[in-house]
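Here is the structure we will look at, set down as structure tokens.
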Amino acid sequence: MNSFFHTHRNQQNPSSRDHYLLDMKQGDVNGDGIPDLVYLFGHKPDGPSGIFADQITLVIHDGYSQQHKVVPLQYNTGYNAGLFLGDFDQNKIADILVSFDSGGSGGYGTFYIYSYAGHVLRKIFDSEIYNQNNSFRVQYEDMYKAAVSSSQLDVLFTIDISNKGYSYFSAYYNEDGKLMKPAQGEVLALAAVNPIVTNENRTSFDLLALQRIIGTTNADTLGYVENLLTWDGSKFISSTLSVAIPGMKPISHV
């Protein structure tokens, strides 16, 4: 493993001493029955203890042939890069989930899933494409409500924000609960994609995709869009789309 790491590092960038192994998983990803090694390498400008990396690269090392395939990533800069191996496309062969955080206050990340069945590389999930196809609008409404809607997906959710308190309302609402002027929030890009096993699909993994809903400031979290994604034979489709809201302490009337 060490000799492979150093060989790959030298091939990737002979002049750099700052390329490190970010994560490694073992599993059969090509379907030949022999475990393969899957690596993430990256350049760490802050040294080995840093959590930030750029030039993040996926490497698949074939357990039978001992050959390796280098997979450059379209977006390759972030924090806490990691791997997960599991069957998402229901062919009983492990796929490769690559994830890393963007950093900053947005709390979103970059996520790719690759299939390497039969030694053929296919990208079956791309967070950038997902974000483009799952956009939402957040509009404040009278009587202390926020509407979360998507014309793309033909859905509408209403969030009750009446427990936010007077100091919050006074910036947006008159005393009668009417908006003083239009106000908008936002649904941010993907924050997480979590592999899960459901009762309906116990032999492979589904994906739970999360997007944070904010008010007029990033610090004001109104809830999360939760989208359960299931493989339909050729792509991921939404099987359940919902909005979850954070819990609040009950208001005492005593």
Explain nothing, just the number: dipole magnitude of the chain about its Cα centre with +1 on each Lys and Arg Cβ and -1 on each Asp and Glu Cβ, in debye rounded to the nearest 20. 320
Candidate aspartates and glutamates for bridging to residue 178, where Cα separation is under 15 Å - those fewer than 8 sequence places away on the same chain excluded: 141, 142, 160
Given Cβ charges of +1 for Lys and Arg and -1 for Asp and Glu, the option among 198, 151, 166 whose Cα lies farthest towards the positive end of the dipole of the chain is 166
Can you tell me the 0 to 90 degree angle between the C-alpha axis of helix 2-12 and the longest principal axis of the chain, rounded to 10? 70
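Could you tell me the ratio Rg/Rh of the chain? Both radii from Cα atoms, Rh via Kirkwood. Could you put the intermediate results ahead of the total?
On the way: Rg = 22.1 Å, Rh = 20.6 Å.
Reported Rg/Rh (Cα atoms, Kirkwood Rh): 1.07.
Across segment 96-234, how large is the tail of the calculated P(r) beyond 25 Å, expressed as a percent of all Cα pairs? Don't skip to the end; give the middle numbers.
On the way: 3792 of 9591 pairs.
Everything past 25 Å amounts to 40 percent.
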Please compute, for the alpha-carbon atoms of segment 55-95, the extent along each of the three principal axes and give them in descending order in Å. 30, 25, 17
Tell me, what is the Rg over Rh of segment 159-199, with Rh the Kirkwood radius over Cα pairs? 1.24
Amide H proximity to residue 125 below 5 Å, modelled H, separation 5+ or other chain, gives 113
Would you kindly compute the Cα radius of gyration of segment 164-254 and its largest Cα-Cα separation (Dmax), both in Å? 18.1, 57
Sorted by accessible surface (1.4 Å probe, heavy atoms of the protein chains only), largest first, 155, 70, 38, 197 come out as 197, 70, 155, 38
Pop out the ³J(HN,Hα) list for segment 216-223 in order, Karplus 6.51 cos²θ - 1.76 cosθ + 1.60 with θ = phi - 60°, rounded to Hz; leave Gly and Pro as x. 6, 10, 5, 6, 9, 7, 8, x
With +1 on each Lys and Arg Cβ and -1 on each Asp and Glu Cβ, how big is the dipole of segment 124-252 about its Cα centre, in debye rounded to the nearest 20? 220
Using alpha-carbon positions, what is the distance between the centroids of segment 190-241 and segment 21-74, in Å? 26
Reach of residue 181 by Cα under 24 Å, taken over lysines that are not fewer than 8 positions away in the same chain: 145, 164
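First obtain the Kirkwood hydrodynamic radius of segment 65-167 from its Cα pairs, then insert it into the Stokes-Einstein equation at 10 °C and 1.306 mPa s, and state the resulting D in µm² per second as a whole number. Write down the numbers at each step before the final one.
Numbers: Rh = 17.1 Å.
For these conditions, the coefficient is 93 µm²/s.
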List, largest first, the extents of the alpha carbons of segment 133-212 along their principal axes, each in whole Å. 55, 25, 20
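From the C-alpha gyration tensor of segment 34-74, pull out the three semi-axes of the equivalent ellipsoid (sqrt of 5λ each), sorted largest to smallest, in whole Å. Mind showing how you got there, number by number?
Details: eigenvalues 120, 25, 8 Å².
Over the Cα atoms of segment 34-74, the ellipsoid semi-axes are 25, 11, 6 Å.
Per residue, how big is the convex hull of segment 16-136 when only Cα atoms are used? Give it in Å³.
On the way: hull volume 13.0 nm³, N = 121.
So the per-residue Cα hull volume is 107 Å³.
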Using the Karplus curve 6.51 cos²θ - 1.76 cosθ + 1.60 with θ = phi - 60°, what ³J(HN,Hα) values do you get for each residue of segment 42-52, in whole Hz, with x for Gly and Pro? x, 8, 10, x, 9, x, x, 7, x, 9, 8
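Working out 0.36 nm times the residue gap between residue 70 and residue 145, then minus their Cα-Cα distance, what length gain in nm do you get to one decimal?
Working: separation 75, 0.36 × 75 = 27.00 nm, distance 4.93 nm.
The span from residue 70 to residue 145 would gain 22.1 nm if fully extended.
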Give the lysines reachable from residue 235 as a straight Cα distance under 21 Å; neighbours fewer than 8 places away on the same chain don't count. 92, 123
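The values are calculated or read from the model by the stated rules, or taken from the named source; none is laboratory data. No experiment lies behind these values; they were computed from the predicted model shown. For neighbour counting, all protein chains shown are included, and Cβ atoms are generated from backbone atoms with ideal geometry for every residue, glycine included. Just so you know, the surface numbers come from the protein's heavy atoms only, side chains and all, with ligands and any DNA or RNA stripped out. Shrake-Rupley method; radii C 1.70, N 1.55, O 1.52, S 1.80 Å.
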